[in-house]
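The values are calculated or read from the model by the stated rules, or taken from the named source; none is laboratory data. Computed from a predicted model, the values in this text were never measured in an experiment. Cβ placement follows ideal geometry from the backbone for every residue including glycine, while neighbour counts extend to all protein chains displayed. Ligands, DNA and RNA are excluded from the accessible area calculation, which covers all protein heavy atoms including side chains. Shrake-Rupley method; radii C 1.70, N 1.55, O 1.52, S 1.80 Å.
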Amino acid sequence: MTSPDKTATMDKPLLRHVVLFKFKDETSAEDVKKVEDAFIALGDQIPEIRDFEWGTNNSPEGLNKGLTHCFFVTFESEEDREIYLPHPAHKAFVDVLSPHLDDVTVVDYWAK
């Protein structure tokens, strides 16, 4: 996916969907990779996703409470998010994720 035009971002607020995962202790590195790949693929499968980025925790503060992965999905509207959540590709991703998920935190906000 390409980065959005920065001037467009300044003109119109964007809806951010932040998802943080903690995987089960027994989840293998291979299974974590499958989850990562499945989440990344959503950017090409769901046109309402405006932008997407992700990474793993590297904070030295030790305050992540076991949450290791952050996925950051951007939408232009709440309507786009409402299409994303029940989308078949998102549901298929949840099926890949669910057996390995120990905890999740989701925060949505309008960027200012």
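Side notes on the structure shown:
- Full-extension gain in nm, residue 95 to residue 41, via 0.36 nm per residue minus C-alpha separation: 18.0 nm
- Positive-end residue of 18, 99, 88, charge dipole of the chain with Cβ unit charges: 18
- Net +/- balance of residues flanking residue 90 in space, Cβ distance below 14 Å, scoring K and R +1, D and E -1: -3
- Where (i) 65, 24, 21; (ii) 45, 36, 21; (iii) 47, 26, 25 are the candidate values, the label of the one calculated here for Cα extents along the principal axes in Å is (ii).
- Apolar share of the accessible surface for the chain: 53 percent from carbon plus sulfur atoms, 1.4 Å probe.
- Check: segment 10-106 dipole with +1 on Lys, Arg Cβ and -1 on Asp, Glu Cβ, in debye: 160
- Pairwise label distance in nanometres, residue 30 with residue 109, each label 7 Å out on the Cα-Cβ vector: 3.9
- Listed peptides 21-29, 56-64 appear in the order 21-29, 56-64 once ranked by packing, highest mean of other Cβ atoms within 10 Å at the front.
- Entry comment: accessible area of the chain is 63 Å² per residue, from protein heavy atoms only and a probe of 1.4 Å.
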